[in-house]
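What follows is a set of notes on a single structure, which appears directly below.
Bear in mind these aren't lab numbers, they're just calculated from the coordinates by the rules spelled out. Computed from a prediction, not measured in an experiment: that's the story for all the values here. Here the Cβ positions follow ideal geometry from the backbone for every residue, glycine too, while neighbour counts run over all protein chains shown.
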Amino acid sequence: MILNFVMVNRMNKRILWKKIKKRGAILPSNARSIMRDAGNLYRINDEGELTDESVGTMPNTYLFNGCTPYYSFSASYPTGSKKDPYVFSYFQFDEDEGCSDEWMGEEIRNPLEWQTENEFLEKIGEKPNE
């Protein structure tokens, strides 16, 4: 009976992987990630470099019109496999430094529930990626 469950589970992962690949890139919620969390506020020395000396704390910062985010993210692209369909990768851009950061990996347990990049592009009147 356990062997039967394992075989069904593997088959379900293969079917899920096919659906994920067909849908393409998704847009998971990253609103929290573009904001800076509350934490220590550090002194800047005369050369403009950040020091380890704490001068207090700062509150959470939020994104609003006219204020750039700390990070920008690409859509999340499926990079998993038939055995592990939940793996996605996205690119992170550091807005503070004005440079690319790196490709990041994440596991998304419910990828079919997220809006796809193409669905979003259609909503805003842009031509979807092919």
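From the cross-link list Lys82/Lys127; Lys19/Lys123; Lys83/Lys123, which pairs have alpha carbons spaced over 27 Å apart? Before the final figure, lay out the partial values.
Numbers: Lys82/Lys127 30 Å; Lys19/Lys123 21 Å; Lys83/Lys123 33 Å.
Check vs 27 Å cut-off fails for Lys82/Lys127; Lys83/Lys123.
Once the other residues with Cβ under 12 Å from the Cβ of Tyr77 are scored (Lys, Arg +1; Asp, Glu -1), what is the net sum?
Numbers: positive: Lys21, Arg23; negative: Glu106, Glu117.
That sum, taken over residues with Cβ under 12 Å, equals 0.
Figure the gain on full extension for Ser81 and Met104 (residue separation times 0.36 nm, minus the Cα-Cα span) and round it to one decimal in nm.
Working: separation 23, 0.36 × 23 = 8.28 nm, distance 1.68 nm.
The span from Ser81 to Met104 would gain 6.6 nm if fully extended.
Cβ-Cβ distance of Glu97 and Phe120, R₀ of 30 Å, FRET efficiency by 1/(1 + (r/R0)^6): the value works out to about 0.65.
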